[in-house]
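The next block holds one structure in the form of structure tokens; read it before the comments.
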Amino acid sequence: MLNARGIGRRFPGVMALDGVDLDVRAGEVLGIVGENGAGKSTLMKVLAGVEQPDDGELIVDGLHVSLTSTADAHRLGIVLIHQELALADTLTIAESIFLGRETTRFGFTQARDEHRAARRWLELVGLDVKPTRRIDSLTLAQRQLVEIARALSTEARVLIMDEPTACLSPTESSRLFDVVRSLRAAGVAVVLISHRLGEVEALADRVVVLRDGRRVGELVGEDVRAAQMVPLMVGRDLAAHATDHERALGPALLNVRSVTQDDLASETSMTIRAGEIVALSGLVGSGRTELLETLFGLRARSAGTVHVGDRAVRSGSPRAAIAAGMAFVSEDRKATGLLLEETLTTNIGLARLALRREGDGLLAAGIFPSRPNERALAHASIGELAIRPTDASRTTATLSGGNQQKVVLARWLAIGPRVLLLDEPTRGVDVGAKAEIYALLRQLARDGLAILFASSDLEEVLALADRVLVMHDGALRGELPVDEASEESILQYATGQTPT
């Protein structure tokens with residue numbers, strides 16, 4: 001259906017794609033895997049008309065084509081669901097789904113017809129919300145499902161999904177898998193990019209592996225296994241994420257007592273000790289993010305207390321949380337975690353500058369940043385966290401997702417926190433960077449930090465956590481030591497049941 005031959009794409013100083021061949025076949029799920037920076041997204045943009053190749057050719061249904069825009073691709077039935085969501089906050093869901101393809105009569109948009117049609121596509125992706133809801137009222141996961149519904153509404157012949165489940169819960173992901181299988185059965189070609197290799201293994205009929213802009217391998221049928229993909233992706237053997245639950249635990253560092261907040265259904269209490277890694281699990285919308293943001297002061301508490309060690313954290317004050325020794329890595333690093341157009345130096349130094357501690361070498365004369373000391377901090381952090389590339393003057397937007405996440409972590413580690421809160425710590429991160437982040441978090445725990453993280457990835461929860469706290473409808477419903485936890489028991493709590 002779609003063939004790419006010898007595709008090359010160059011950017012200043014970077015060969016993003018180097019002579020890549022690809023065949024996309026009707027009625028097949030084709031997986032595209034590789035580390036961040038391997039060229040996956042660039043290749044998909046070329047196929048979808050977003051980028052034009054410097055070399056090579058595209059063939060659709062046996063005919064050579066030139067895709068100069070996404071409109072050209074859409075006319076040929078090729079639709080890309082971007083990893084970075086592209087929805088207008090002020091539009092409704094129905095307006096977003098049919099943007100540019102409005103149903104009109106005598107020049108007027110027929111909102112009722114659009115709402116009726118939108119409900120069908122929302123039902124297909126398992127999103128139970130009214131099509132009249134505004135985009136800015138939706139969670140990140142709900143926005144992702146709207147993007148998928150919009151793509152499906154075009155009745156595409158080739159549907160390209162770039163990290164479609166990055167912010168979906170297991171239940172939502174399972175629903176999406178059913179959609180993908182039904183599309184395959186209907187003869188649609190589905191191209192799936194995902195860092196979650198288990199998903200690729202479960203769905204893909206064939207996998208193409210990219211590394212450093214080149215095609216380095218193809219796996220078919222029974223060979224589509226994570227154990228086969230990883231060595232091709234990284235060019236070396238990468239040990240599975242080993243568990244590490246033998247750390248000595250110290251005194252309680254995070255004490256939460258009877259905390260309530262408007263978006264939480266009941267009082268929340270917990271204690272996390274030095275050296276302990278605790279996972280906050282639950283379905284999307286269960287209240288995980290709201291709880292983390294409340295603990296950090298991004299949301300005001302209605303009642304209750306939060307202490308870091310013996311120090312109380314004032315409600316609704318991130319500055320007070322930081323001063324007490326708390327750090328928070330948000331789930332959407334590009335929207336709320338980074339200044340993308342600023343340098344690594346600026347991003348890494350932000351939290352230290354915000355503290356304005358007396359005697360901090362980052363502040364010259366106690367008022368303005370000391371540029372040499374900022375650069376020294378950035379270079380030290382880049383070395384410690386193995387951030388690539390190592391140029392501290394580089395714009396953060398030019399880094400891969402895994403390295404951007406390391407920059408966020410470097411910023412917070414620069415303040416020497418005692419408690420680290422993380423929301424989806426490896427979202428959109430490749431397998432190599434994920435292993436490095438896991439190793440870093442385990443080392444931080446061994447150094448005495450208390451770590452609380454929320455994750456939709458149950459494999460990640462079981463690999464990292466010493467304990468699992470499970471939320472359902474804004475309330476903590478269960479607690480499981482990791483040696484008693486399983487995906488089944490976590491999901492039972494997450495859906496409001498009690499494990500038997």
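Of all the numbered requirements in (1) closer than 26 Å to residue 181 by Cα; (2) of a type in the set (Val, Ile, Thr); (3) not in a strand (DSSP E or B), residue 68 misses one, and that requirement is (1). Screening the candidates 58, 80 for the property of being crowded, with 22+ Cβ neighbours inside 10 Å and at pLDDT 95 or above yields one hit, 58.
In the stretch 186-193, the count of residues that are hydrophobic (A, V, I, L, M, F, W, C) and surrounded by fewer than 21 Cβ atoms within 10 Å (Cβ to Cβ) is one or more. Among the residues of the stretch 244-295, those identified as out of contact with any helix residue (DSSP H, G or I) (no Cβ under 8 Å at 6 or more places or on another chain), of a type in the set (D, E, K, R), modelled with pLDDT of 90 or more and not in a strand (DSSP E or B) are 267, 288, 290, 293. Would a scan of the stretch 34-41 turn up a residue that is within 24 Å of residue 434 (Cα to Cα) and of a type in the set (A, V, I, L, M)? The answer is yes; a qualifying residue exists. Which members of the stretch 371-385 meet the condition of being surrounded by fewer than 17 Cβ atoms within 10 Å (Cβ to Cβ) and either at pLDDT below 90 or among the acidic types (Asp, Glu) (or both)? Matches in the stretch 371-385: 371, 372, 373, 384.
Of the residues making up the stretch 452-464, those that are under 15 Å from residue 270 (Cα atoms) and either out of contact with any Gly (no Cβ under 9 Å at 6 or more places or on another chain) or surrounded by fewer than 19 Cβ atoms within 10 Å (Cβ to Cβ) (or both) are 452, 453. Within the stretch 150-163, if we keep just the residues that are within 19 Å of the chain's Cα centre (by Cα) and at pLDDT 85 or above, the residue that is surrounded by the most Cβ atoms within 10 Å (Cβ to Cβ) turns out to be 160. Against the definition (crowded, with 20+ Cβ neighbours inside 10 Å, of a type in the set (S, T, N, Q) and in a helix (DSSP H, G or I)), how does residue 336 come out, yes or no? Judged against the criteria, residue 336 is not a match.
Kindly indicate whether any position in the stretch 205-213 is β-branched (Val, Ile, Thr) and within 18 Å of the chain's Cα centre (by Cα). No, the stretch 205-213 contains no residue that is β-branched (Val, Ile, Thr) and within 18 Å of the chain's Cα centre (by Cα).
Checking 385, 399, 409, 377 one by one, the residue that is among the hydrophobic types (A, V, I, L, M, F, W, C), within 18 Å of residue 453 (Cβ to Cβ) and either free of Cβ contacts under 8 Å to residues at least 60 places away in the same chain or in contact with an Asp or Glu (Cβ under 6 Å, 6 or more places away or on another chain) (or both) is 385 and no other. So residue 168 clears everything in (1) buried (at least 19 other Cβ atoms within 10 Å of the Cβ); (2) free of Cβ contacts under 8 Å to residues at least 40 places away in the same chain; (3) over 22 Å from residue 117 (Cβ atoms) except one condition, right? Which one? The single condition residue 168 does not satisfy is (2).
The values are calculated or read from the model by the stated rules, or taken from the named source; none is laboratory data. What you see is a predicted model, and the numbers here were worked out from it, not measured in a lab. No Cβ is skipped: glycine too gets one built from the backbone with ideal geometry, and neighbour counts run over all protein chains shown.
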